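None of the figures in this text is laboratory data; all of them are computed from the coordinates on show. Fair warning: this is a prediction, and the values are worked out from it, not measured in the lab. Cβ: placed from backbone, ideal geometry, glycine included. Neighbour counts: every protein chain shown.
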Amino acid sequence: MKRKWCASLLAALMLGSLLTGCGEKGGSDTKVRLNEVTHSVFYAPQYAAMELGYFADEGLDIELTNGGGADKVMTAVISGQSDIGLAGGESCIYVYNQGKADYPRIFAQLTKRDGSFLVGRTDGPFSWEDLRGKTIIGGRLGGMPEMTLEYVLRQNGLEPGRDVNVDTSVQFNMMAGAFTGGSGDYVALFEPSATKVEQEGQGYVLCSLGEESGDVPYTCYFASQSYLRDHADTVQKFTNAIARGQKWVAEHTDAEVAAVIAPQFPDTDEAVLAEVVGRLRSIGAWNTDPVMESSAWERVESIMIGAGQLAEADRVPFETLVTNAFAEKAK
């Protein structure tokens, strides 16, 4: 089954054999170019690890960039512009099924539930039937946020494209602006965007899509096989820092987490950050360690199949695209 994938990613696949993603080896200041799918409180354990010096303790210098979508993160990783990507695991499946020789593998899991919230234009009691005949800005077609949204809609008796329209034309980092600008009846937003829209009186948070979808390896770290092989020590140190960040967030209060990650969100009030951290904690958004479970991986593929982005015959075995070797040592 052929799947649509963005032109930039296809171009990167063709260039991949010419470019390699190599970080600096050895030394006390090994640079790691990390490309994240978006900048969100959803990734609080990562920012805690950065702000608390856990990466520095491992001798790593993190160069963080915002990819603005899983497809762009993957493009950066396979073209050698970034060493490690943070995005949904579905991107690794797409690349593997394209036949890429040095396909990326996942080595650590950060979040275990969808971190987006359904935002509407009116407050009050929410029913999924309210969405019937309406339009939801859902993100890029084939991306984890959009596919999970479709999964949740079906779980609640609504068939996308028939009972409700899911708008996949809006770029991921432009969804809040499109909604507040008048597009769509509803939108699925990450934090702190969802809370900001609500505080500005331009929408209301109605429900957590993560609570509705259940546990799934929603966001994870991946790198090319060559990078994992040639920079195994760096990858282990990176995973160690993430594991410490996950443990620290699990053991500290919402206010403490907000205070630590505040430098990452200079335009957001610390009280708002604490509220957002609490909201994400309440839905069980974060892994407490970086190990991924095979059962959760199978759910990702089931969600992709339901969304029409993967054929049953094209399921990729857990062991092919995931290694827990680094995560197990970091626990």
May I ask what percent, to the nearest 5, of DSSP beta bridges between residues of the chain are antiparallel?
50 percent
The chain: most fluctuating residue of 319, 150, 58 per GNM, C-alpha cutoff 10 Å
319
For the stretch 212-254 and the stretch 135-156, distance of Cα centres in Å:
25 Å
Residue-by-residue Karplus 3J(HN,Hα) for the stretch 39-56, coefficients 6.51, -1.76, 1.60, Hz, glycine and proline x:
9, 9, 4, 3, 9, 3, x, 5, 5, 4, 4, 6, 6, 8, x, 5, 5, 4
Counting Lys and Arg as +1 and Asp and Glu as -1, what is the net charge of the other residues whose Cβ lies under 15 Å from the Cβ of residue 253?
-2
Which of 162, 299, 113 fluctuates most in a GNM of the chain (C-alpha springs under 10 Å)? That residue is 162
State the Cα centre-to-centre distance between the stretch 304-331 and the stretch 269-284 in whole Å.
29 Å
Residues of the stretch 81-110 with backbone N under 11 Å of the label point set 7 Å from the Cα of residue 64 along Cα→Cβ are none
Starting from the Cα-Cα distance between residue 156 and residue 102, subtract it from 0.36 nm times their residue separation and give me the gain in nm to one decimal.
15.5 nm
